[in-house]
Amino acid sequence: MEIEETVKDWLIDEGFLREKKYDENADFHFIVEFPKDNVMDVVKPKGKDSIVVACATQVAPEHINLMSQADAKTQKNFIMDLNMGLNRFLVDYELQVNQNLLQQFIITDQIFEDGLTKNEFYKTLKKVFKSKLHCIWLIDKKFGSVKPQEKPSNENSMFV
């Protein structure tokens, strides 16, 4: 598999490959750390001519608690602002919301094989990561931040 080896070599060259994961629905599935301490997935779904870069993040219970203390209008405006902001990044995303409270968000982007270059691959990794940062920063801006020692580990590898 030429694409798998190429992507694997790019990840190894930059020190971002954490592990290869068995995935019956994929030709390959890599867990990557990009940038440091941020876990993402790089997957080539079976039968598709593209690779998907994905990052799933659980919202910390402390942040959910801060959101729950806000009024309903602030909560709804936050979700709208989040949707509008993520839409500007030109990524695909899924927000898991329960009673106007963001529980988890999954950000993905894909690169078709005919456009797969090292430059495009790294641009896509950066775009997905920056989209995640947008979510985190918007939570902090709207609801306040939690003390660093209260934040959970960033073991957020999850591809849905």
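The values are calculated or read from the model by the stated rules, or taken from the named source; none is laboratory data. Since this is a predicted model, take the numbers as computed values, not measurements. Cβ placement follows ideal geometry from the backbone for every residue including glycine, while neighbour counts extend to all protein chains displayed.
Residues in region 88-143 that are in contact with a strand residue (DSSP E or B) (Cβ under 8 Å, 6 or more places away or on another chain), more than 27 Å from SER50 (Cβ to Cβ) and not in a helix (DSSP H, G or I): VAL97, LEU102, GLN103. Is there a residue being surrounded by 14 or more Cβ atoms within 10 Å (Cβ to Cβ) and within 14 Å of the chain's Cα centre (by Cα) anywhere in region 138-145? Checking region 138-145: not a single residue is surrounded by 14 or more Cβ atoms within 10 Å (Cβ to Cβ) and within 14 Å of the chain's Cα centre (by Cα). For ALA70, state whether it is surrounded by 15 or more Cβ atoms within 10 Å (Cβ to Cβ), in a loop (DSSP other than H, G, I, E, B), touching a residue at least 40 places away in the same chain (Cβ under 8 Å) and touching a helix residue (DSSP H, G or I) at 6+ places or on another chain (Cβ under 8 Å). Yes; evaluated as a whole, the condition is true for this residue.
Can you tell me which residue is modelled with the highest pLDDT among those in region 37-62 that are part of a loop (DSSP other than H, G, I, E, B) and of a type in the set (Asp, Glu)? Restricting to residues being part of a loop (DSSP other than H, G, I, E, B) and of a type in the set (Asp, Glu), the top hit is ASP49.
ASN25 meets each of the listed conditions (1) surrounded by fewer than 21 Cβ atoms within 10 Å (Cβ to Cβ); (2) at pLDDT 95 or above; (3) under 18 Å from PHE129 (Cβ atoms) apart from (3). Within region 1-20, no residue satisfies the criterion of being over 18 Å from THR124 (Cβ atoms) and in contact (Cβ under 8 Å) with a residue 60 or more places away in the chain. Filtered by the rule that a residue be β-branched (Val, Ile, Thr), farther than 15 Å from ASN83 by Cβ and in contact (Cβ under 8 Å) with a residue 12 or more places away in the chain, region 93-118 gives THR108, ILE111.
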